[in-house]
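The values are calculated or read from the model by the stated rules, or taken from the named source; none is laboratory data. Remember, it's a predicted structure, so these values are computed and weren't measured experimentally. We place every Cβ from the backbone using ideal geometry, glycine too, and count neighbours over all the protein chains shown.
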Amino acid sequence: MRIRIIMLAGALIAAAPAAFASPPIFQPGAPGQPSRTITAEESVEMSRSRFTEGDVRFMQHMIVHHAQAVDMVDLMDGRGEDASVRRLGERISRSQAAEMDLMRAWLVQRGQAVEDEHLHHGHHGHGGHGHHGHHGHGSSHNADPGDVAVMPGMLTPNQMAALEAASGGEFDRLFLEGMIHHHEGALDMVEELLAEPDAAEDPILSDFLSSVVVDQTSEILRMQSLLSEL
């Protein structure tokens, strides 16, 4: 009887191998990109991929950078008048919100803090260089705090206030000018990270950087075209 049970079990296993196969492993793509199937060996290797302090700082700071872009788009309600500018802004908001989720997940999965505590203690800058300012502002030692951006490429508090106070065509113009500068700041952040030794070797981070460069370069060109038509 036992032999018959063993033989029956063996036949069932042979007839249904898929039930005992390992499930596929999917690697999420960058925002707007499809996922791909990877092997168990690739999954283990990716989990062990190296990342640097600069990688972590970049992700923490880019979350803050993206958050202001979303805030800028939120100001469109009741202020802007150009439909094309609004559509572009809404697309930027959606893509950057998705990228913020990706960056938070990347940090959490690697046991890193989502926020850089230095940004909340007045030590601005990224890439370890300590730069700050916006539209030509230099050192902030004697500057009005309202004229000092948290990091390069972001609007200063005074510029955000001016955008909030504007309406109609003036709002659209300030929005496009500010977002172009904002995107250029993000590209500068990518360039600074890539200049650091051993940075951006993590596959997900590397794919994300490529996505940022392609998407934001394209959006800069589109915004420059819209700006010329106002």
- Note on the structure: Expected single match for among the basic types (Lys, Arg), out of contact with any Phe, Trp or Tyr (no Cβ under 9 Å at 6 or more places or on another chain) and either surrounded by 11 or more Cβ atoms within 10 Å (Cβ to Cβ) or modelled with pLDDT under 95 (or both) among Arg91, Arg110 is Arg91
- Quick count over segment 76-88, residues being surrounded by fewer than 21 Cβ atoms within 10 Å (Cβ to Cβ), in a helix (DSSP H, G or I) and over 18 Å from the mean Cα position of the chain (by Cα), is 4
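Which of the residues belonging to segment 39-57 are charged (D, E, K, R), in a helix (DSSP H, G or I) and at pLDDT below 75?
Those that are charged (D, E, K, R), in a helix (DSSP H, G or I) and at pLDDT below 75: Glu41, Glu42, Glu45.
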- Go through Ala186, Ala195, Ala162, Ala166 for me and flag whichever is more than 23 Å from Val73 (Cβ to Cβ), at pLDDT 95 or above and not aromatic (Phe, Trp, Tyr). Ala195
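Per-residue answers, yes or no, for (1) at pLDDT 95 or above; (2) within 15 Å of the chain's Cα centre (by Cα):
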| residue | (1), (2) |
| --- | --- |
| Ile25 | no, no |
| Arg36 | no, no |
| Met59 | yes, yes |
| His65 | yes, yes |
| Asp74 | yes, no |
- Message: Among the residues of segment 142-162, what is the count of those that are part of a helix (DSSP H, G or I) and either surrounded by fewer than 20 Cβ atoms within 10 Å (Cβ to Cβ) or at positive phi (or both)?
- Response: 8
- Checking Phe175, Phe208 in turn, the sole residue that is modelled with pLDDT of 95 or more, in a helix (DSSP H, G or I), aromatic (Phe, Trp, Tyr) and within 16 Å of the chain's Cα centre (by Cα) turns out to be Phe208
- Give the residues of segment 193-202 that are within 15 Å of the chain's Cα centre (by Cα) and assigned to a helix (DSSP H, G or I), sorted by residue number. Leu193
